1. When residues of the stretch 137-152 are filtered for being within 16 Å of the chain's Cα centre (by Cα) and free of Cβ contacts under 8 Å to residues at least 40 places away in the same chain, how many remain?
2. Return the residues of the stretch 153-168 that are in contact (Cβ under 8 Å) with a residue 40 or more places away in the chain, touching a strand residue (DSSP E or B) at 6+ places or on another chain (Cβ under 9 Å) and farther than 25 Å from Met111 by Cβ; say none if nothing qualifies.
3. When residues of the stretch 35-50 are filtered for being over 15 Å from Val140 (Cβ atoms) and out of contact with any Asp or Glu (no Cβ under 9 Å at 6 or more places or on another chain), how many remain?
4. Taking only pairs six or more apart or across chains, which ones have beta-carbon atoms under 8 Å, a first residue in the stretch 169-190 that is over 10 Å from Val144 (Cβ atoms) and of a type in the set (Val, Ile, Thr), and a second residue that is part of a loop (DSSP other than H, G, I, E, B) and modelled with pLDDT of 95 or more?
5. Tally time: how many residues in the stretch 51-67 are of a type in the set (A, V, I, L, M, F, W, C) and in contact with a Ser or Thr (Cβ under 7 Å, 6 or more places away or on another chain)?
6. Quick check on the stretch 161-177. Is at least one of its residues part of a loop (DSSP other than H, G, I, E, B), surrounded by 18 or more Cβ atoms within 10 Å (Cβ to Cβ) and out of contact with any Asp or Glu (no Cβ under 6 Å at 6 or more places or on another chain)?
7. What is the residue count in the stretch 1-49 for residues that are buried (at least 18 other Cβ atoms within 10 Å of the Cβ), assigned to a loop (DSSP other than H, G, I, E, B) and modelled with pLDDT under 95?
8. Filter the stretch 60-80 for residues that are at pLDDT 95 or above, surrounded by fewer than 22 Cβ atoms within 10 Å (Cβ to Cβ) and either polar (S, T, N, Q) or not in a loop (DSSP other than H, G, I, E, B) (or both) and give the result.
Amino acid sequence: MSIDWYERYVLRMNEQYRKHLREYYNSFFVQLFILIDILKVQSIGEYGCGAGNCTRILYDNWNITNATWYLLDLDNRMLDLAKQNTVHMRSAYFFQHNILDDFLRIGEMDMIFSHGVLEHFADKDIHRILDLQLHRAKTVVHYVPTFGYDKPSFGDERLLPAEYWHKTFKPTDTYEFNNGKDIVMIWRRP
């Protein structure tokens, strides 16, 4: 029996999963928090938000409660999960959005981030995504898994070497963690 993305995320709507996420991807959250603090951001967008666990962790555990949060996903069912997961947040707004589409009813944001999104796209689409996001935000941050993992965790992830990401997409900064299995890439608009 096959499980889809929605069913997978329904199973992740709990504190036990958020604890795992906080611990295993701590370096990702630390880099986001450092950037948020440095930039004193007022608006943050999570693209491909899934169930909104990353936004919730930043809001709850890093006490980033004064910003306006935008959670975007292609799947309305995911947005419903994100709404449930972030119901306690003061300023959270939800948008069904195709990450490859340049039309969005949101103005400029201070920062856009995603966790586990880019590795699902072809290079030409990743370039388009980054161009669109850098047009909309001063700082863009993406986490991706690398080929340090034996196989994709679920679906069509492209597990590429960190060097490939650096060379092909030229982030301003990168941080590898979990023995090089994971990387955080940061792009800053000049």
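1. The number of residues fulfilling the criteria is 2.
2. Within the stretch 153-168, Leu159 is the sole residue that qualifies.
3. 1
4. Taking only residues 6 or more apart or on different chains, the pairs are Ile186/Pro171; Ile186/Thr172.
5. 1
6. yes
7. 1
8. Thr68, Asn76, Arg77, Leu79, Asp80
The values are calculated or read from the model by the stated rules, or taken from the named source; none is laboratory data. Note that the structure is a prediction, hence the values are computed from the model and not measured. As a convention, Cβ positions derive from the backbone with ideal geometry for all residues, glycine included, and neighbour counts pool all protein chains shown.
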